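**Student:** Could you have a look at this structure, given as structure tokens, before my questions?
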Amino acid sequence: MSEHLHITRNGYILEIVLDKPKGNAINAELSREMGKVFADFREDPELRVAILTGAGEKFFCGGWDLSAIADGEEYTGDFGEGGFGGFPEMSNLLKPVICAVNGYALGAGFEMLLNADFVVAADNAQFWLPEAQVGVAPDIASFVLPKIMPRVKAMEILLTGKRLSATDAADLGLVNSVVPQAALLEHARELAQKVMKSAPLSVAAIKEVVSKTQTLSFAECYQDLRAGKWPEFEKMLASEDATEGAKAYLERRDPQWKGH
């Protein structure tokens, strides 16, 4: 495993710390290593939520490693199974990823957040896309941002390199919550604990449906639902856990999820 990734198992939570001085920038090799980490997380039945953060208090992720670019690394090269950062393109990752943004998230380090399930930010965090000012285009952000926020706001971020504070990002719906730097990781863990109160099969089904329906109309969604085209959703419906929640509520106890 890369020396730039610190991996900790905290009960059902996998904590990943990106630690690559000076700016936690990622090259293709490191991205592929991150993809392996998230693939192992995906396959491990004992793990339910992942938290990704950066080392230190200045950088979450400085984007694509400029030294790798100078050495000839391709702009659209092989960044691994999950794409840049290990998880954003891993469509079969049916467990939540929380990004705890401890500092600057710029370029691809900002773009990777757009496919996280939750983003929590320290109050000193900043987000921006400098690509247009250095002669390239922020490819992922160019097709994601205009879909998830008003077009004029997206174009301002894409074309001018405008820096967003953590509060700005939260106001635009890009960040779930903003907390003091010292409380960031604990806040992410508390969020993970809230997620883990939900049944694992329900979480997987929700992630599957969100992924498979992004480009569908409401009518198409209903058609696929009634046709049973979502395997994880069907698995959830047929599980013991599908009735455990109701039983637990009636018996006034916490549900005991079995994952089957």
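**Student:** Rounded to two decimals, what is Rg over Rh for region 101-217 when you use alpha-carbon atoms and the Kirkwood radius?
**Tutor:** Rg/Rh: 1.00.
**Student:** Just order 249-256, 119-126 by mean Cβ neighbour count inside 10 Å, highest at the front, would you?
**Tutor:** 119-126, 249-256
**Student:** Defining a contact as two alpha carbons under 8 Å apart and six or more residues distant in sequence, what relative contact order in percent does the chain show?
**Tutor:** Averaging sequence separation for qualifying contacts and normalising by length gives 15 percent for the chain.
**Student:** Additional query: Would you please calculate the Kirkwood hydrodynamic radius of region 200-250 over all C-alpha pairs and express it in Å, rounded to one decimal?
**Tutor:** Kirkwood hydrodynamic radius for region 200-250: 11.7 Å.
**Student:** Tell me the mean residue ellipticity at 222 nm calculated for the chain from its helices only (DSSP H runs of n ≥ 4, each -39500 (n - 2.57), averaged over every residue, nearest 500).
**Tutor:** Helices in the chain give a 222 nm mean residue ellipticity of -11000 deg cm²/dmol.
**Student:** Going highest first, how would you order 143-152, 180-189 by mean Cβ packing within 10 Å?
**Tutor:** 180-189, 143-152
**Student:** Note the listed values (i) 59, 41, 34; (ii) 56, 46, 31; (iii) 65, 35, 34, then indicate which one is Cα extents along the principal axes in Å calculated from this particular structure.
**Tutor:** Matching the structure shown: (i).
**Student:** Let me ask another. Report relative contact order for region 200-250 in percent, whole number only (criteria: Cα-Cα under 8 Å, sequence separation at least 6).
**Tutor:** After rounding, I find 49 percent.
**Student:** Now a separate question. Suppose every Lys and Arg Cβ carries +1 and every Asp and Glu Cβ carries -1, with no other charges. What dipole size does the chain come out with about its Cα centre, to the nearest 20 debye?
**Tutor:** I would put it at about 820 debye.
**Student:** Quick one: how many lysine pairs does region 1-154 have with C-alpha atoms less than 29 Å apart and a gap of 8 or more or different chains? Give me the count, please.
**Tutor:** 10
**Student:** Here is a further query. One quarter of the convex hull surface, Cα atoms only: what value does that give for region 155-256 in nm²?
**Tutor:** The directionally averaged projection comes out at 10.1 nm².
FYI, it's all coordinate maths here, none of it is from the lab. What you see is a predicted model, and the numbers here were worked out from it, not measured in a lab. Please note: Cβ atoms are built from the backbone with ideal geometry, for glycine as well, and neighbour counts cover all protein chains shown.
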